[in-house]
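Below is one structure, written out as structure tokens, with a few remarks after it.
The values are calculated or read from the model by the stated rules, or taken from the named source; none is laboratory data. Because the structure is predicted, anything quoted here is derived from the model rather than measured. Virtual Cβ from ideal backbone geometry, glycine too; neighbours counted across all protein chains shown. Quick note on the areas: whole protein, heavy atoms, side chains included, nothing else; ligands and nucleic acids left out. Shrake-Rupley method; radii C 1.70, N 1.55, O 1.52, S 1.80 Å.
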Amino acid sequence: MIRLGKDSGSCWSFFAGWERAVKRETSGARWRRWERQFCKLDATTGKTIIPPTQLKTAISPLLVAPIAALVLSLLAPTARAQSPGSRPTNPDGYRRFALTHDGDVTRGAKFFADEQKLACAKCHSLDDKGGKAGPDLYAVGDKFARKDLIEAILQPSATIAVGYTTTVVETKAGVEYTGIIKQANDAGIQLIGADGKLVVLAAKEIQSQHGTPVSLMPEGLQTGLTVQEFTDLIDYLVTLRQPESALASNTGMPLVIPKLAHAAPATPFFSQPLKLPRGRAESGLTGIYQVPGHANRFLVTHQKGMIWSLEKTATGEDKSIFMDLSEEVFSERGPNGLLGMAFHPQFPKNRKYYLKYQILENGKVTTLLIERQFAPDFQRDSGLPARRLLSMISIADDHSGGCLQFGPDGYLYLAMGDTGPQMDPNGHAQNLQLLLGKMMRLDVDHTEGTNAYAIPRDNPFQGRSDARPEIWAYGFRNPWRFCFDGVTGDLWLADVGQDRVEEVDLIHRGENFGWNVYEAFEPFSNQYRKADRNYTAPVFAYKRKYGNSVTGGYVYRGDRKSTFDGVYVCGDYNSKLIFGVTQEKGALKNVRIISTVPQRLVSFGTDEPGNIYAVGYEGMIYKLDFSAARFDELAPE
């Protein structure tokens with residue numbers, strides 16, 4: 001067997017297959033002449049090798065030109081070692097070097113602060129306070145893996161951090177400003193640009209305003225660095241982690257979350273991923289929903305507005321398009337798009353279902369609550385006109401929440417985020433005259449006044465002039481999935497945090513969950529604190545080392561004899577960890593890491609028997625198998 005030289009080691013298995021093929025097509029005498037001319041004995045290993053410098057000369061006599069070109073293109077990346085001082089002409093050279101080499105953290109910190117080379121510090125703070133154009137990088141090493149940090153620099157517009165969408169404002173004087181929204185209200189808008197300067201524009205000055213999927217961070221920043229300097233910067237970012245002492249200790253926010261002795265397997269539920277071509281912005285799946293009364297039939301929603309129907313069969317699954325709303329749904333910026341679905345409690349009789357999604361209306365991102373109806377054969381949408389029940393205008397492009405469900409009382413519950421900007425500077429979540437940052441409870445079977453719905457009589461703010469009667473609970477930042485326990489009726493909700501922690505709440509009538517006065521257990525701002533208000537603490541919160549974007553799930557009730565019976569299952573979008581949580585009298589009892597999934601964890605689903613499914617943003621659905629694990633058995637510390 002002939003091997004490539006050590007600098008080409010990763011390609012030698014390919015070369016071995018090529019060698020066998022060429023031997024079949026080449027006479028023995030010709031092969032031996034070629035071997036004597038180009039190969040040599042490696043004194044260290046005793047094996048016959050081709051020195052990397054001989055690759056081109058050696059391969060050409062035996063292969064016709066097209067095949068030789070193909071082989072050389074495959075071998076070239078590994079045949080030549082990258083010099084630490086080189087500056088590749090394409091991002092892939094930086095990517096390969098940073099993934100395979102170590103950097104110097106001290107030098108990386110200097111590059112971060114060097115305004116001549118990068119000026120990272122001009123756009124990004126490191127103090128957990130934010131306020132600059134880009135995201136605060138205080139705990140970025142906890143939030144993202146090394147490869148993700150590399151891609152964030154090489155492809156800044158591929159995945160823009162939530163809350164940092166670029167906005168373009170044109171004034172009536174014809175001046176154009178580009179930046180990140182820091183404040184927006186009836187008085188005007190405040191933008192901070194890449195130069196770190198704040199621009200304040202009065203509403204009367206503004207001619208037009210629109211968002212763009214292009215990041216404020218420019219492409220090609222790495223070209224000002226050598227591959228080694230780029231790697232130094234990456235290594236520095238990896239070290240930016242949340243200190244254990246950064247937050248006050250609380251029983252609901254444990255320092256360590258133990259793992260199970262045996263994780264609950266997450267296995268693909270469908271054979272193929274469900275994907276759509278990428279548009280101007282990244283997009284993916286948002287949910288899976290069993291069609292009531294149809295045990296093996298599921299609807300899967302995509303952020304762009306596509307809804308697939310999938311039916312499990314003895315040989316696999318049958319897939320079809322249930323509905324395509326992509327022409328109406330807005331998903332180009334922020335976590336917007338088709339975010340939630342719910343079936344009416346009387347669905348088998350009235351065929352009604354409900355959707356929550358964003359549209360672009362009069363130049364503003366607007367969240368809609370829509371009622372639609374299945375066709376009589378339950379195979380597709382009826383095609384009848386939809387009924388718009390509610391619309392809510394976003395202030396920025398972010399934090400629109402992501403769930404709606406019917407409660408055991410027959411009313412529709414709907415969660416809405418504060419809609420930004422970052423840190424909720426206008427206090428939307430604490431303002432009872434707005435529906436932003438709230439949990440709502442609606443009677444969709446009746447109408448009242450000019451509304452397409454009625455207000456349940458026992459809603460907590462019914463009859464008050466200083467509050468919207470739709471509100472059931474408030475003080476949320478970006479509630480991303482909630483559920484009702486099918487046995488106890490408890491309402492669990494996961495709320496995505498700002499910069500420090502993620503939280504899980506148990507929701508009760510009229511309660512205030514604190515944002516932005518609190519972020520989970522921690523005081524955040526006193527700007528909208530009121531002395532006459534009480535703030536409800538979460539059941540569970542976790543720090544950045546376990547993730548940075550909580551995804552709510554379901555309480556497992558699939559097997560009453562299982563040790564997981566009554567365990568609330570949730571997870572984290574970026575870390576892909578799945579947690580199991582139990583509570584007693586509203587306080588955390590136990591929390592475990594019970595599983596992980598390969599893709600970003602955007603949602604969970606359940607079915608009538610009580611199985612739980614994890615939804616991967618990139619297109620896969622996973623079924624969790626709780627029979628293969630025990631909630632009361634932990635891995636050794």
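Is it the case that some residue within the range 211-221 is at pLDDT 90 or above, open to solvent by less than 50 Å² (accessible area, probe 1.4 Å) and of a type in the set (D, E, K, R)? No: zero hits. Of everything in the range 549-573, what is over 15 Å from GLY489 (Cα atoms) and part of a loop (DSSP other than H, G, I, E, B)? Give them in sequence order. Of everything in the range 549-573, those that are over 15 Å from GLY489 (Cα atoms) and part of a loop (DSSP other than H, G, I, E, B) turn out to be SER549, GLY558, ASP559, ARG560, LYS561, SER562, THR563, PHE564, TYR573.
Of the helices (runs of 4 or more DSSP H) entirely within the range 95-195, those holding at least 3 residues that are in contact with a Lys or Arg (Cβ under 9 Å, 6 or more places away or on another chain) occupy 120-123, 140-143, 146-154. Does GLY293 count as assigned to a loop (DSSP other than H, G, I, E, B) and open to solvent by 60 Å² or more (accessible area, probe 1.4 Å)? For GLY293, the condition - assigned to a loop (DSSP other than H, G, I, E, B) and open to solvent by 60 Å² or more (accessible area, probe 1.4 Å) - is met. Every condition in (1) open to solvent by 20 Å² or more (accessible area, probe 1.4 Å); (2) modelled with pLDDT under 90 is met by PHE269 except one, and the failing one is (2). Taking each residue of the range 191-218 that is touching a residue at least 40 places away in the same chain (Cβ under 8 Å) and looking for partners that are acidic (Asp, Glu) with beta-carbon atoms closer than 9 Å, six or more apart or interchain, yields SER208/GLU170; GLN209/GLU170; HIS210/GLU170; GLY211/GLU332; GLY211/ASP397; THR212/GLU332; PRO213/GLU282; PRO213/GLU332.
Screening the candidates TYR138, TYR94 for the property of being surrounded by 20 or more Cβ atoms within 10 Å (Cβ to Cβ), in contact with a helix residue (DSSP H, G or I) (Cβ under 6 Å, 6 or more places away or on another chain) and either at pLDDT 90 or above or closer than 30 Å to TYR542 by Cβ (or both) yields one hit, TYR94.
For the range 496-504, does any single residue satisfy the condition of being under 21 Å from LYS585 (Cα atoms), touching a residue at least 12 places away in the same chain (Cβ under 8 Å), among the β-branched types (Val, Ile, Thr) and buried (at least 24 other Cβ atoms within 10 Å of the Cβ)? Write out each step before concluding.
Start the filter on the range 496-504 by keeping residues that are under 21 Å from LYS585 (Cα atoms), which leaves 502-504.
Now restrict to residues that are touching a residue at least 12 places away in the same chain (Cβ under 8 Å): 502-504.
After this cut, where a residue has to be among the β-branched types (Val, Ile, Thr) as well, the list is 504.
From the residues that got through so far, the ones that are buried (at least 24 other Cβ atoms within 10 Å of the Cβ) too are 504.
Yes, the conditions are met somewhere in the range 496-504.
Restricted to the range 593-637, and to residues there that are farther than 22 Å from GLN405 by Cα and acidic (Asp, Glu), the residue that is nearest to the chain's Cα centre (by Cα) is GLU618.
When you scan the range 444-465, do you find a residue that is touching a residue at least 12 places away in the same chain (Cβ under 8 Å), in contact with a Gly (Cβ under 8 Å, 6 or more places away or on another chain) and part of a strand (DSSP E or B), even just one? Within the range 444-465 (the criterion being touching a residue at least 12 places away in the same chain (Cβ under 8 Å), in contact with a Gly (Cβ under 8 Å, 6 or more places away or on another chain) and part of a strand (DSSP E or B)), the answer is no, since none of the residues qualifies. Among residues that are in contact (Cβ under 8 Å) with a residue 12 or more places away in the chain, touching a strand residue (DSSP E or B) at 6+ places or on another chain (Cβ under 9 Å) and open to solvent by 50 Å² or more (accessible area, probe 1.4 Å), ALA133 is not included.
When the range 540-569 is filtered for residues that are closer than 23 Å to ALA628 by Cα and aromatic (Phe, Trp, Tyr), the ones remaining, listed by number, are TYR554, TYR556, PHE564, TYR568. Residue selection: PRO479 satisfies the criterion of being within 18 Å of TYR354 (Cβ to Cβ), of a type outside the set (Asp, Glu) and out of contact with any Cys (no Cβ under 6 Å at 6 or more places or on another chain).
Evaluated against (1) closer than 28 Å to LEU149 by Cα; (2) surrounded by 14 or more Cβ atoms within 10 Å (Cβ to Cβ), GLY252 falls short on exactly one condition, (1). For the range 505-525, the set of residues classified as farther than 13 Å from ALA429 by Cβ, in contact (Cβ under 8 Å) with a residue 40 or more places away in the chain and part of a loop (DSSP other than H, G, I, E, B) consists of ARG509, GLY510, ALA520, PHE521, listed by residue number.
Does LEU225 satisfy being modelled with pLDDT of 90 or more and under 21 Å from ALA158 (Cβ atoms)? The answer is yes for LEU225. Within the range 159-172, restricting attention to residues that are modelled with pLDDT of 90 or more and among the aliphatic types (A, V, I, L, M), the residue that is least open to solvent (accessible area, probe 1.4 Å) is VAL169.
Yes/no per residue for (1) buried (at least 22 other Cβ atoms within 10 Å of the Cβ); (2) touching a residue at least 60 places away in the same chain (Cβ under 8 Å); (3) under 27 Å from GLY284 (Cβ atoms); (4) in contact with a strand residue (DSSP E or B) (Cβ under 8 Å, 6 or more places away or on another chain):
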{"residue": "TYR528", "(1), (2), (3), (4)": "no, yes, no, no"}
{"residue": "ARG544", "(1), (2), (3), (4)": "yes, yes, yes, yes"}
{"residue": "GLU584", "(1), (2), (3), (4)": "no, no, no, no"}
{"residue": "ILE594", "(1), (2), (3), (4)": "yes, yes, yes, yes"}
{"residue": "LEU601", "(1), (2), (3), (4)": "yes, no, yes, yes"}
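When GLY279 is tested against (1) at pLDDT 95 or above; (2) open to solvent by less than 50 Å² (accessible area, probe 1.4 Å); (3) over 23 Å from GLY547 (Cβ atoms); (4) not charged (D, E, K, R), just one condition goes unmet, and that condition is (1).
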